[in-house]
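Here, each number is a calculation from the coordinates, and none is a lab measurement. On a predicted model such as this, the values are computed, not experimentally measured, just so you know. Here the Cβ is made from the backbone with ideal geometry for all residues, glycine too, and neighbour counts use every protein chain on show.
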Amino acid sequence: MRLDFERLKATVKRELPAKRWQHTVGVMKSSVQLAQKYGADPAKAELAGLLHDYCKYWPVEKQRQVILESDLSKDLLLFDKPLWHGPVGAYVVQRDFGVDDEEVLDAIRYHTSGREGMTLLEKVVCLADYIEPGRDYPEVAHLRTLAETSMEKALIAGFDSTIRFLLSRGEKIFPLTLLSRNALIDELRKKEG
Ligand SMILES: [Fe+2]
Ligand SMILES: [Fe+2]
C-alpha cells in the first residue's frame, strides 16, 4: 500500500507544474492535520489530497471529452472550466489508478464546489485546499484561525471569499457552492442550538 502510494505520488508529480505540485504537497499535509484534529481518516485524507488536482492542468478539450464520454453530469459543461477538474479527476483516478473508495472519490469530486451534506472527509480536503501553507490571499489568515475551532465556519468564510471574488469579476456562481454554503450555515445553527 505504501509502495503504491509512493508510485502514485511520482505519477501525480509528473502530471503537474512545479508550483501546483507544491500546492498538492501542502494540501496533503493540511488534509492529514485536519483529519487528525477532526476525526477523519488521515490515510484517506492524504490520498484525496494527493489526487485532488490531478486533472487540473489537462487541456480543456481532454476534460470535456471525459465529461462527454462518462456518466458525469453534462450540466458541468454550462459552468466555468475551473470547476470541471474535480468531477473529472474523481472519474479518472478511479478509471486509471483503480481508486475505488467512494469517500476519497467524493472528496476529490467536490473539493472545489462543496455540496449539500458534505462528509467529514469532503470538508477536510476542501478546507485544506483553501488554507494549505502555500496559499496567500487576503482572507487566508482568518480562515486558518477559524479552522482551528470549526471546519464549518472556515468553509463558510472560504465560500464567501470565492463568491465575493466571482461577483467582483462578474462571473457565474456555481449553484452547488451556494447550496453547500447554506447547508453549512444550517449545520452550524443546529449545532449551536
Ligand atoms: Fe482544485
Ligand atoms: Fe487544489
Treating only the Cβ atoms of Lys and Arg (+1) and Asp and Glu (-1) as charged, compute the dipole magnitude of the chain about its Cα centre; round to the nearest 20 debye. 540
Between Ala10 and His142, what's the calculated FRET efficiency when r is the beta-carbon distance and R0 is 35 Å? Round to 0.05. 0.50
Hey, can you rank 82-91, 56-65 by average C-beta count inside 10 Å, highest first? 82-91, 56-65
Within 10 Å, count the other beta carbons around each residue, average over each peptide in 159-171, 123-135, 101-113, and list them highest first. 123-135, 101-113, 159-171
Relative contact order of the chain, defined on C-alpha pairs under 8 angstrom at six or more residues apart (%): 20
Give the calculated FRET efficiency between Leu83 and Ile185 to the nearest 0.05, with a Förster radius of 22 Å applied to their Cβ-Cβ distance. 0.55
Count of lysine pairs in segment 26-169 with Cα atoms under 17 Å apart, counting only pairs 8 or more residues apart in sequence or on different chains? 10
Modelling each spin label as a point 7 Å along the Cα-to-Cβ direction, I'd like the Lys172/Arg115 distance in nm, to one decimal. 1.9
